[in-house]
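Following: one structure in structure tokens, then a few remarks.
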Amino acid sequence: MAELASRRIDDALAALAISRDPSAAGVASALTAATAASLTELTAALAAGRLDDAATGDIARQRALAERAAELRPMLLKAADEDLSAYGAVASATDEAARVLALERAAEPPAAIAGWSAELAEAAAETAEVAREWPFHPDAVTAAHLAAAAARSAAILVAANLGDDSSDPRLGRAREATERAGAAAARAAGMASA
């Protein structure tokens, strides 16, 4: 882990700061959620390994949470690329009608990010509950909070892209994802202070 910059993380973060590419918030939300997925995968796998044989249902559940987090990570990275592309279409729209259509399409990647982030926050909180006494408990709590932040940020982008169209179901789903993720992070935080 000492050579993280050589793994292109530094390049990705530097790319977020380039002013000619204003789609940074969607990419940042996806990368934050992907980080939460990595921590969730790690902590759920560690929890599964520490649970005793009497807790076979809990072991299977933690393994399932780790596997799902591993599935979500590449999906979130793909969503970052999709967000970049979708917002690129907004930036290159030649008239207002094209811009409105591009914004409507640009709401899709952050809507997906919000939903997956809520799923990750809930999984991380569930792992945090199982791992209360173990040294990786703070990692599970952190995963829940990162996922909640990603859900909140992505929902903000959905609302911004849809503008006044409060009837779009993606807006409702993004808001619901934010509430679920926030509740999960709060549960995890309560476990951290208990």
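Some notes on this structure:
- Unmet criterion (only one of (1) closer than 22 Å to Glu71 by Cα; (2) open to solvent by less than 40 Å² (accessible area, probe 1.4 Å)) for Ala189: (1)
- Any hit, region 107-124, residues being more than 19 Å from Thr35 (Cβ to Cβ), out of contact with any Gly (no Cβ under 8 Å at 6 or more places or on another chain), open to solvent by less than 10 Å² (accessible area, probe 1.4 Å) and of a type in the set (Gly, Ala, Ser): yes
- Taken over region 131-146, the criterion of being touching a Leu at 6+ places or on another chain (Cβ under 8 Å) and of a type in the set (Asp, Glu) is satisfied by Asp139 alone.
- Within region 40-77, being hydrophobic (A, V, I, L, M, F, W, C), open to solvent by 40 Å² or more (accessible area, probe 1.4 Å) and within 18 Å of Arg132 (Cβ to Cβ) holds for Leu42, Ala45, Leu46, Ala54.
- Residue match in region 158-170 (condition: open to solvent by less than 10 Å² (accessible area, probe 1.4 Å), assigned to a helix (DSSP H, G or I) and closer than 20 Å to Glu41 by Cβ): no
- Restricting attention to region 125-144, the residues that are buried (at least 24 other Cβ atoms within 10 Å of the Cβ) and farther than 17 Å from Arg61 by Cβ total 1.
- Filtered by the rule that a residue be among the acidic types (Asp, Glu) and under 16 Å from the mean Cα position of the chain (by Cα), region 134-188 gives Asp139, Glu176, Glu179.
- Exactly one residue among Ser29, Ser92 is surrounded by fewer than 15 Cβ atoms within 10 Å (Cβ to Cβ), in contact with a helix residue (DSSP H, G or I) (Cβ under 9 Å, 6 or more places away or on another chain), closer than 29 Å to Leu157 by Cα and small (Gly, Ala, Ser), and that residue is Ser92.
- For Arg173, the stated conditions do not hold, so it cannot be described as among the basic types (Lys, Arg) and not in a helix (DSSP H, G or I).
- Close pairs (6 angstrom Cβ cut-off, 6 or more residues apart or separate chains): closer than 16 Å to Val90 by Cβ in region 153-179, among the basic types (Lys, Arg) and open to solvent by less than 80 Å² (accessible area, probe 1.4 Å) anywhere: Val158/Arg170
- Output for region 173-186, where each listed residue is among the aliphatic types (A, V, I, L, M), open to solvent by 50 Å² or more (accessible area, probe 1.4 Å) and either within 16 Å of Ala155 (Cα to Cα) or modelled with pLDDT under 95 (or both): none
The values are calculated or read from the model by the stated rules, or taken from the named source; none is laboratory data. Here the structure is a predicted model, which means the values were calculated and not measured. Cβ: placed from backbone, ideal geometry, glycine included. Neighbour counts: every protein chain shown. Note: accessible area is taken over every heavy atom of the protein model, side chains too, but ligands, DNA and RNA are not part of it. Shrake-Rupley method; radii C 1.70, N 1.55, O 1.52, S 1.80 Å.
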